[in-house]
Amino acid sequence: MELPSKYEPGRTEDKWYAYWMKHGFFRSTPDEREPYTIVIPPPNVTGVLHMGHMLNNTIQDVLVRRARMQGKNACWVPGTDHASIATEARVVAKLKAEGIEKHSITREEFLRHTWEWTDKHGGIILEQLKKLGASCDWSRTLFTMDEKRYDSVIKVFVDLHDKGLIYRGVRMVNWDPEARTAVSDEEVNHTEEKSKLYYVKYRIEGEDNYITVATTRPETILGDTAVCANPADGRYAGLRGKKVIVPMTGRAVPFIFDDYVDMEFGTGCLKITPAHDINDYEIGIRHNLPSIDIFNDDGTISERAGLFTGADRFAARELAEKELRDSGNLLKVVPYNNKIGRSERTNAIIEPKLSMQWFLKMKEISRPALDAVMNGEIQLHPSKFKNLYRHWMENVRDWCISRQLWWGHQIPAWYYNNNEYVVAGSLAEALKLAREKSGNPDLKESDLRQDDDVLDTWFSSWLWPITSFDGINNPGNEEMKYYYPTNDLITAPEILFFWVARMIIAGYEYAGGKPFRNVYLTGLVRDQQRRKMSKSLGNSPEPLDLIEKYGADGVRVGMMLCSPAGNDVLYDDSLPEQGRNFANKIWNAFRLVKSWQCDETITRPESAKAAGEWMNHILNRSLAGIESDFRKYRISEALMSTYKLFWDEFSGWYLEIIKPPYGKPIDNTTLSEAIALFDKLMRIIHPFMPFITEEIWQLLAERREGESITTSRQPEARKSDKDLIARFDLAREIISSIRTIRKEKEIPNQEKLELEIRPVEENFDTGFFPVIIKMCNLSEIRFVSTKQENTASFRIGTTEFYVPLGEKADTARELDRINTELDYYRGFLAAVTKKLDNERFVSNAPAAILEHERKKKSDAELKIRNLEEALRFISKGSGQ
């Protein structure tokens, strides 16, 4: 068949993905094979593919495809996350555009709109992952709000509540006024922003005097219930037992003392607003202060503030500044930089707020998860994140698990008799419990009201490795026994704590053991200015456009080539372009091999025989390195080794050596060996580049319907001959040196040359002479015992090589070349010697560095001696 001159990914990718799906190559059910399991980090149901997904899912697919080719029962479970905050925000915006306010409809109506939106948009990102080549078992596709997952979450809540680990109480939380819900500490991003510091007078009650307080939030003065100083601060000792007047309100509040106050900040006086600052809240508890909540849930000022009612909090700040200035209580305003907490989901500035919430006690339940990582039962790759993990787990706080939303797992708590409540898995169970608890057998279902809040999205996804195999509803079922624990989790470091750590906690609590063996932490995908990729910055390319332009294989290779574990990827289009170029290189090598005509009567050349022997050994050596890289989760390095094996060794050397003269046939043995090697290489490359390798593998030999490279066996490393590889490396160096002479002397490639070798040791290896003769177009190689005149010479190690030039000898040019090299190496030697003469360097440098520098010095000295000897020889022969 006629092969296209260029690889056409658009023509092949849909074809082979459909073929894989048709034959169920990605399907997995428990059997006698060793399982290999990955559960996908479920992307938001609202989401579309972005660059982070591309990197993360490419790594997962590489691992899954490789495991499948190793004969394991590979199971990659896909699914999506219901993403409470993000999804609800999308639906609220959609309804608003249609003239419908969320709170003008019932919860049931809102959920109907949300399910409709989810059904319409929820599968987009999974379909996009297929374009990337993701080999998930799509028959297992899950959703964190589907029936089994929903029931599992409710069961876990009830169980933890019954164990006394879930409680309800008023606590200071991070409030997102835009989403109108609490968010966890881990969902708050802190950024340094320009602000102002306001110096405000607080008059001392009963005196014609005042103290000065510095604050960044004058609007919260309306909620002040004390002013505080450090007990060690002598400036304020005279205020003990006195009161001060809160500006704008006229309210008298106590002046108190607490060790928390920093005497160096501002004026050393701190206004205490227990309802709107976590530290003030804790001081308020210690001093039994009242709390005045001056904010509504949407961030506007409440009636309790007494002023500015209904104004937005930032508008209220300006109003407060004006009021303070007009009343003579504002001394000055100075620029100030401080850290602002913003909601990860909406980017709204977080408001510390006292709120009735549900919490999970974390201290005791977290201990097995800390031990599992610290003792190596679960491995983090790279291990540098281990200390970060330990710090978080040793300082873990109770988890606020309730969210003031409608979309999500509704908290299974039912209220009756005003504020009494029971927790149960269903309304019927709740009624039974409520009758027992209240002693009132006449309670009806209509007397019970379910909690309006839903659970934090992470409260469902922390169960993901267990609920993927229905391990909560059916503990110990066949799939849990077979697939759990999973093998590898691929995720980003920024969710190490509020997803990875929590999954580990849940694993020990509900499955009796770790949820996965290894956690591979990717870096972030950034632009060349090290900015995080984002649509708002306009620096994030559209992944599907990249796939269309460069092919899925090209994009996968581009993302993987410079993404060692834990390190950020600095993206630009040269990365997928390099991947596309590699695909074209593979395709062109395939076209070359397929273009050769075979003649079974031809004897195999010795050069092809030697090249075949070397290529098999170099392939085995490379395979051993690749296997080692995979064991160490050095996946980017494994790809680079694979890349070099094909591009440099196979295509750059092996194929060039065995290539028959133009228009001539090739012998059968060499062609068969080349095709066998190509087959092996396609199987090695396949996990990284699934589409082009399937296309070529199908064309390398006759295949039956239902055969696929995806289920063929991955080649395994066998013993390689280091000595043979070293001898070829010498031959390669000889070939490169002769080619350099041809170029410098402008000798046409068609013109035959001779090579003379003056070895120091006996038994100089001649095994690769046929390769040298062919690659350099030599008529003869012979040994000599003395230096040769009228030659171009070079030295490798202690052996001298001469290429006779005859009339082409240009002594003056050769002398210039040697002198130029001498100048370079003398300068190089001087620099190294200066470094080694530096006592400070020698005393502080590691032993390995010193050894390396000393070797550089001795190598330079040897090179200089050789060049000087060559200079004397040529000068003597030419009479100069």
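The values are calculated or read from the model by the stated rules, or taken from the named source; none is laboratory data. None of these values were measured; they are calculated from a predicted model. Every residue, glycine among them, receives a Cβ derived from its backbone with ideal geometry; neighbour counts consider all protein chains shown. Note: accessible area is taken over every heavy atom of the protein model, side chains too, but ligands, DNA and RNA are not part of it. Shrake-Rupley method; radii C 1.70, N 1.55, O 1.52, S 1.80 Å.
Can you tell me the 0 to 90 degree angle between the C-alpha axis of helix 313-326 and the longest principal axis of the chain, rounded to 10? Here the helix axis deviates by roughly 60 degrees. Answer rounded, prolate or oblate for segment 274-356, using the Cα gyration tensor with square roots of eigenvalues a ≥ b ≥ c: rounded when a/c is under 1.5, else prolate when a/b is larger than b/c, else oblate. Rounded is the answer for segment 274-356, as its axis ratio a/c remains below 1.5. How far is helix 84-97 tilted, in degrees, relative to the longest principal axis of the Cα atoms in the chain, given as a value from 0 to 90 rounded to the nearest 10? The answer is roughly 70 degrees. Set Lys and Arg Cβ to +1 and Asp and Glu Cβ to -1, take the dipole of the chain about its Cα centre, and tell me which of C776, L655, Y150 lies farthest positive. In the chain, that residue is C776. Angle of helix 722-745 to the longest C-alpha principal axis of the chain, folded into 0 to 90 degrees and rounded to 10: 70°.
Mind ranking 353-364, 142-153, 591-602 by how tightly packed they are, going by the mean number of other C-beta atoms within 10 angstrom, highest first?
Ranking, from highest mean packing down: 142-153, 353-364, 591-602.
Each helix, a run of at least 4 DSSP H residues, gives -39500 (n - 2.57); summed and divided by the residues of the chain, these come to -13500 deg cm²/dmol at 222 nm. Here are several values of semi-axes √(5λ) of the Cα gyration tensor in Å: (i) 60, 37, 24; (ii) 56, 35, 20; (iii) 69, 38, 23. Which one was derived from the coordinates shown? From the options (i) 60, 37, 24; (ii) 56, 35, 20; (iii) 69, 38, 23, the structure gives (iii). Per residue, segment 1-137 exposes 42 Å² of accessible surface when a 1.4 Å probe is rolled over the protein heavy atoms with every protein chain present. Our coupling estimate for segment 228-240, obtained by passing each phi through the Karplus curve with A = 6.51, B = -1.76, C = 1.60 and θ = phi - 60°, is 9, 9, 6, x, 8, 8, x, 4, 10, 4, x, 8, 4 Hz, Gly and Pro reported as x.
Descending by average beta-carbon neighbour count within 10 Å, the peptides 848-858, 388-398 line up as 388-398, 848-858, the highest first.
Going by average Cβ neighbours within 10 Å, how do the peptides 610-621, 183-194 rank, with the highest at the top?
Sorting 610-621, 183-194 by mean packing, highest first, produces 610-621, 183-194.
Calculate the length of the line joining the C-alpha centroid of segment 786-846 to that of segment 448-507, in whole Å. Their Cα centres are 65 Å away from one another. Which of rounded, prolate, oblate describes segment 235-287, given a ≥ b ≥ c as roots of the alpha-carbon gyration tensor eigenvalues and a/c under 1.5 marking rounded, otherwise prolate only if a/b is larger than b/c? Note, shape of segment 235-287 comes out rounded.
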